[in-house]
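The values are calculated or read from the model by the stated rules, or taken from the named source; none is laboratory data. The structure presented is a predicted model; accordingly, all values stated were derived computationally and were not measured. Using ideal geometry, Cβ is built from the backbone for each residue, glycine included, and neighbour counts are taken over all protein chains shown.
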Amino acid sequence: MIQHAHQVAVGKSESMLAASEGNVASTGEHIAPAPRISVQAFCEAVETAAAVQAASEDRRLAKAHVKIQMGGANAAAEAYRNSPTPNVILLEADARANEILLKLDQLAEVCDAGTRVIVVGRVNDVLFYRELTGRGVSEYLISPVGTIDIVRSICGLYSAPDAKPVGRIIAVVGTKGGVGASTVAHNVGWAIARDLSLDSVVVDLDLAFGTAGLDYNQDPPQGLADAVFAPDRIDTAFIDRLLSKCTDHLSLLAAPATLDRVYDFGAEAFDSTLDSLRSSTPCVVLDVPHQWSAWTKRLLVSADDILMVAGPDLANLRNAKNMVDLLRSSRPNDHRPYYCLNQVGVPKRPEITPADFAKALEDQPLAVIPFEPQIFGTAANNGQMIAEMSSSHKTAEIFRQLAKMLTGRAEAKRTRGHLLTPLLAKLMKRSA
Ligand SMILES: Nc1ncnc2c1ncn2[C@@H]1O[C@H](COP(=O)(O)OP(=O)(O)OP(=O)(O)O)[C@@H](O)[C@H]1O
Ligand SMILES: [Mg+2]
């Protein structure tokens, strides 16, 4: 019965009223993917049906089965007279408050225990909310609803506040080989763990040549290869045993960096490893090698956030543009991929300026990291992070800021902000 369904505090519903809903997840918002649930939507407006359809194609509902039909509450009551109700019923009701409540009472008679009900309507009234929550309605959304509102409310049903934190996956990838993507991933992962005290795992997906073990000065006997070659054994406990602890909050799922095997994988090879990490670790940083294969594409498309690392040249710019275009069209309800520029200001090298990058990509870089062979070279050879060598170094501060921005701890202000302006000014002076 609906009466038994999960209830949402009225206060939350009221705050939902006030929230201004966009059609894209706002920066820092984390919507955990829904489990394998069945959802049936009964819409009245074609716009609502279109929003639910788009939501059903969102990556966070990839495991859910979503069916959509028109006809609103009447169709719902009819549909379930003789058949079991799904995990979630999404009901659009354009009628007045009293009529909606009447229809919900009819639906309650045919609703199975455990079925959660989301109502979409036009009535904007606190007393009405109370009536709805009193009847066990889990969520009430005021129409018109956007795609991300639907995604958020369905996923929200399955991420109760007392559930274990579900991890955010941040994929870091280079727009060309050797641009420093791994270096950025490792330093940012380290900063997330150290400065934000978020439990983090860095996953080195460059199985043949990965450098995370070297960079963190670790030589673990086991790592990612043990998981990917034994998919049947994967569960949280198994993955936990493969992690090597680098600092208080940071662990590494290392690459073997050996060549006795080849590493040709199918698209889904890393799914269960990442699902397991996601369910247990608040922040997962993927060091994705610069290659384009079924599995690298899938990792990028399914990540919560993407940071592209680009060098300041034409090939990087072209590749960055192609990646942004592809990823934006595959993830229409997500924030676009972020990018940073790295190794900027190599003496005597002609470079494409951050401003030209920003213009071509129609987006400012999250950071501009200068080329500093001395400190980066020493850090790499010592198996240390930049902040371990010199916590007050300006590059260490850039990695701290990146950590904050990527975990939603800071407004993702772009480089126009105070942090990078002096660096840019310095670089200009240097190249002048
Ligand atoms: N800002 C920088 N200044 C100077 N050197 C840097 C900088 N960033 C990275 N490096 C150096 O560049 C080299 C390549 O870095 P890294 O291995 O992180 O690149 P990558 O993009 O991951 O490469 P691959 O394509 O092999 O995965 C390393 O020696 C690293 O220390
Ligand atoms: Mg790398």
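Couple of notes before you dig in:
- Residue in region 130-139 that is nearest to Glu99 (Cα to Cα), counting only those that are surrounded by fewer than 23 Cβ atoms within 10 Å (Cβ to Cβ) and touching a helix residue (DSSP H, G or I) at 6+ places or on another chain (Cβ under 6 Å): Glu131
- Some residue of region 56-68 being under 28 Å from the mean Cα position of the chain (by Cα) and among the polar types (S, T, N, Q): yes
- Meeting the requirement of 3 or more residues that are of a type in the set (Gly, Ala, Ser) and at negative phi, the helices (runs of 4 or more DSSP H) wholly within region 134-226 are 181-195.
- Some residue of region 109-129 being crowded, with 16+ Cβ neighbours inside 10 Å, hydroxyl-bearing (Ser, Thr, Tyr) and out of contact with any Leu (no Cβ under 9 Å at 6 or more places or on another chain): yes
- From the options Asp287, Asp260, residue that is touching a His at 6+ places or on another chain (Cβ under 9 Å) and of a type outside the set (S, T, N, Q): Asp287
- Within region 361-396, being at negative phi, in a loop (DSSP other than H, G, I, E, B) and either touching a Pro at 6+ places or on another chain (Cβ under 7 Å) or within 16 Å of ligand 2 (Cβ to nearest atom) (or both) holds for Pro365, Met385.
- Consider region 214-272 and keep the residues that are more than 21 Å from Leu299 (Cα to Cα) and small (Gly, Ala, Ser). The one that is surrounded by the most Cβ atoms within 10 Å (Cβ to Cβ) is Ser244.
- Total residues in region 397-410 satisfying the condition of being in a helix (DSSP H, G or I) and either polar (S, T, N, Q) or free of Cβ contacts under 8 Å to residues at least 40 places away in the same chain (or both): the figure is 3.
- Cβ-Cβ distances below 6 Å connect the following pairs, each with a first residue in region 171-198 that is over 18 Å from Pro365 (Cβ atoms), a second residue that is near ligand 1 (Cβ under 9 Å from one of its atoms), and a separation of six or more residues or different chains: Gly177/His290; Ser182/Thr211; Ser182/Asp287; His186/Asp215.
- Filtered residues of region 103-133 (kept if assigned to a helix (DSSP H, G or I) and closer than 20 Å to Thr85 by Cβ): Lys103, Leu104, Asp105, Gln106, Leu107, Ala108, Glu109, Val110, Leu132, Thr133
- Unmet criterion (only one of (1) out of contact with any strand residue (DSSP E or B) (no Cβ under 7 Å at 6 or more places or on another chain); (2) within 15 Å of ligand 1 (Cβ to nearest atom); (3) not β-branched (Val, Ile, Thr)) for Asp226: (2)
- Matching option when the condition is modelled with pLDDT under 95 and either crowded, with 21+ Cβ neighbours inside 10 Å or within 21 Å of Pro332 (Cα to Cα) (or both), among Ala41, Ala50, Ala54, Ala32: Ala32
- Selection within region 350-370 - more than 20 Å from Ala191 (Cβ to Cβ) and surrounded by 14 or more Cβ atoms within 10 Å (Cβ to Cβ): Glu351, Ile352, Thr353, Pro354, Phe357, Ala358, Ala360, Leu361, Asp363, Gln364
Matching residues to (1) modelled with pLDDT of 95 or more; (2) within 16 Å of ligand 1 (Cβ to nearest atom); (3) in contact with a strand residue (DSSP E or B) (Cβ under 7 Å, 6 or more places away or on another chain):
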{"site": "Gln106", "(1), (2), (3)": "no, no, no"}
{"site": "Gly114", "(1), (2), (3)": "no, no, no"}
{"site": "Val137", "(1), (2), (3)": "no, no, yes"}
{"site": "Leu141", "(1), (2), (3)": "yes, no, yes"}
{"site": "Tyr158", "(1), (2), (3)": "no, no, no"}
{"site": "Arg168", "(1), (2), (3)": "no, no, yes"}
{"site": "Val179", "(1), (2), (3)": "yes, yes, yes"}
{"site": "Asn187", "(1), (2), (3)": "yes, yes, no"}
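- Of residues in region 69-88 being part of a loop (DSSP other than H, G, I, E, B) and buried (at least 18 other Cβ atoms within 10 Å of the Cβ), the one farthest from the chain's Cα centre (by Cα): Tyr80
- Counted residues, region 289-327 - those being of a type outside the set (D, E, K, R) and away from ligand 1 (no atom under 16 Å from the Cβ): 9
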